Amino acid sequence: MTKFEDLGISQATLKAVLKMGFEEATPIQSETIPLSLENKDVIGQAQTGTGKTAAFGIPLVEKIITSKEAIQGIIIAPTRELAIQVSEELYKIGAGKKVRVLPIYGGQDISRQIRSLKKSPHIIVGTPGRLLDHINRKTMRLDNVQTVILDEADEMLNMGFIEDIEAILAKIPEERQTLLFSATMPGPIQRIAERFMKDPHIVRVKTKEMTVPSIEQYYLEVQEKNKFDVLTRLLDIQSPELAIVFGRTKRRVDELSEALNLRGYAAEGIHGDLSQAKRLSVLRKFKEGSIDVLVATDVAARGLDISGVTHVYNFDIPQDPESYVHRIGRTGRAGKTGMALTFITPREKSYLAVVEKTTKRKMERMKPPTLDEALEGQQRAVVDKINQTIETNNLQYYKAAAEELLETNDASTVIAAVLKMLTKEPDTTPVKLTEEQPLPGKKERKPYDRDRRRKDDSRGGYNSDRRKKASVKPRSGEKRTGGKSSKPRSFNH
Ligand SMILES: Nc1ncnc2c1ncn2[C@@H]1O[C@H](COP(=O)(O)OP(=O)(O)OP(=O)(O)O)[C@@H](O)[C@H]1O
Ligand SMILES: [Mg+2]
């Protein structure tokens with residue numbers, strides 16, 4: 001492990017980074033920070049949760065000349081939540097140097113953004129659509145930008161942002177530095193990246209597996225109609241601190257979170273059809289722990305760094321192996337442990353091998369728990385709680401009542417009654433979930449077709465800012481439809 005002191009960064013930034021609790025640089029940081037400081041273009045690939053944000057954030061902050069009142073760095077991210085998260089991390093890294101960082105995303109009042117832009121931020125973190133909006137309105141000048149970073153570039157490509165990104169890059173001086181980071185870099189993205197970049201250094205943190213070893217990975221064979229009962233039993237047995245449940249579509253996410261609430265779990269869903277305010281409030285509640293199950297689509301959770309996520313449940317198997325990597329990567333971050341469980345219906349069994357081939361790691365089989373096991377799990381949780389209460393609380397006040405109960409009953413009967421009262425018995429309230437079509441079987445499977453997928457909304461994708469925006473004049477001659485420039489990504493590779 002490399003010390004940040006040895007990476008040639010200033011005292012001010014070093015102090016800020018140590019204040020964030022970073023003691024040593026992660027491998028992607030120690031490999032890419034020096035290259036980036038030398039203004040090299042870099043394609044950086046490293047496992048989820050291994051600090052890619054600071055890998056591009058630290059050198060970017062270092063290069064900002066704070067006395068210069070101009071935007072010098074721009075980071076493009078696929079979703080609004082990610083733009084906010086990245087800007088918060090950059091703000092912390094830049095606190096020592098007093099670097100001004102501004103997030104710019106759709107769904108936020110544009111005149112407020114224009115006012116913030118007038119306060120001359122040094123770094124902008126934004127989603128493609130809204131960035132382009134400001135460029136076209138001439139409310140954001142990019143002629144002093146020296147560094148451009150594309151975070152989760154492959155996802156932005158999948159979402160059809162390629163033309164927007166090209167249009168943004170066309171407004172930035174050519175003698176810039178371009179960096180591109182993601183945990184997954186499917187072939188097509190590399191080729192496209194090279195079009196935007198000059199002699200990029202490809203830094204791949206060499207690991208045996210694509211996922212981090214600290215995530216235990218299981219699969220469960222479950223019939224579609226039994227999935228929900230299995231999920232709630234698992235939640236009862238594993239009592240996760242914070243859990244994310246992934247569903248394939250927006251409708252699925254809505255139905256799942258409603259069904260979980262019906263059975264008494266504190267759950268909420270997040271996807272692109274919700275208002276910006278709602279999305280932010282759901283995430284805030286999840287971070288604070290006032291809800292403990294977040295139900296999400298793939299896109300909604302890309303890159304999100306929420307500490308304390310102990311379990312990821314793939315209620316529906318993801319459509320491609322890269323999505324699997326990003327989904328389960330919401331746990332096991334920054335060296336913590338985590339558990340990922342993937343439901344596989346009998347017809348989808350062939351996908352298991354496809355995922356495993358990409359991640360280079362086998363998932364262990366887990367048998368779906370029975371109702372009795374769920375009850376036992378809940379009981380165990382109560383027993384643990386009782387033990388904790390014995391250890392930490394002064395019980396003097398309750399002793400008299402306890403003695404009184406023991407005068408008429410034997411001890412084990414009293415305790416059994418208390419256990420029964422405190423144990424949440426597995427809830428079997430009927431719920432209604434629309435059945436998802438299984439992914440196509442091996443023979444029917446076609447290479448992934450982006451346009452079709454977007455139309456179907458099969459990934460439960462976000463509304464891109466771009467498609468919602470009405471106020472922006474497209475630049476003359478600019479095509480605003482999803483490009484054909486990238487080769488379709490296939491599940492079969
Ligand atoms: N050197 C470090 N030491 C300790 N913690 C770190 C270090 N660098 C980053 N972190 C923390 O690790 C967590 C994960 O970092 P980050 O979100 O940048 O991961 P990532 O590689 O971008 O993951 P993803 O592929 O999911 O986007 C964050 O909470 C971050 O603050
Ligand atoms: Mg990231």
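Bear in mind that the values in this text are calculations on the coordinates, not laboratory data. All of these numbers come straight from a predicted model, not from anything done at the bench. Don't worry about glycine lacking a Cβ; one is built from the backbone with ideal geometry, like all the others, and counts go over all protein chains shown.
General observations
- Derived scalar couplings between HN and Hα for the range 196-210 equal 7, 10, 10, 6, x, 7, 9, 10, 10, 6, 6, 9, 5, 10, 7 Hz in order, rounded to whole Hz, by the Karplus curve 6.51 cos²θ - 1.76 cosθ + 1.60 (θ = phi - 60°), x for Gly and Pro.
- Against the rule of thumb 2.2 N^0.38 Å, how large the Cα Rg of the range 2-209 comes out: 0.95
- Which of 415, 64 has the fewest Cβ neighbours within 10 Å, and the rest in rising order: 415, 64
- Amide H contacts for residue 48 (H built 1.01 Å from N in the peptide plane; partners 5 or more residues away or on another chain; cut-off under 5 Å): 212.
- Anchor residue 360: aspartates and glutamates whose Cα lies under 15 Å away (excluding residues fewer than 8 positions away in-chain): 209, 216, 320, 322
- Neighbours of residue 120, meaning other residues whose beta-carbon lies under 11 angstrom from its beta-carbon, give a summed charge of +4 when Lys and Arg score +1 and Asp and Glu score -1.
- Proximity of backbone amide H atoms, modeled 1.01 Å from N, is registered between residue 433 and no other residue at under 5 Å, excluding neighbours fewer than 5 places apart on the same chain.
- 10 °C / 1.306 mPa s Stokes-Einstein diffusion coefficient of the chain, Kirkwood radius on C-alpha pairs, µm²/s: 65
- Both radii are taken from the alpha-carbon atoms of the range 127-204; with Rh as the Kirkwood radius, Rg/Rh is 0.96.
- Computed about its Cα centre, the charge dipole of the range 2-209 is approximately 780 debye, with only Lys, Arg, Asp and Glu carrying charge at their Cβ.
- Residue pairs, from the table 3/40; 40/287; 3/208; 119/250; 63/171; 40/97, whose Cα atoms sit over 27 Å apart: 40/287; 119/250
- From its DSSP helices (H runs of at least four residues, each -39,500 (n - 2.57)), the chain gives a residue-normalised ellipticity at 222 nm of -12500 deg cm²/dmol.
- Counting only aspartates and glutamates at least 8 places from residue 15 when in the same chain, those with an alpha carbon closer than 18 Å to its own are 5, 6, 23, 24, 62, 88, 89.
- Projected over every direction and averaged, the convex hull enclosing the alpha-carbon atoms of the range 1-93 yields 6.3 nm².
- Neighbour-count ranking [beta-carbon atoms within 10 angstrom, fewest first] of 406, 131: 406, 131
- Straight-line cross-link reach from residue 420 at under 18 Å between alpha-carbon atoms covers these aspartates and glutamates, not counting any fewer than eight positions away in the same chain: 236, 372, 373, 376, 384, 410.
- Measure of compaction for the range 215-371 (Cα Rg per 2.2 N^0.38 Å): 0.96
- Semi-axis lengths, Å, the range 303-362, gyration tensor of Cα atoms, sqrt of 5 times eigenvalues: 22, 12, 10
- The range 228-250 and the range 1-71 have Cα centres separated by 36 Å.
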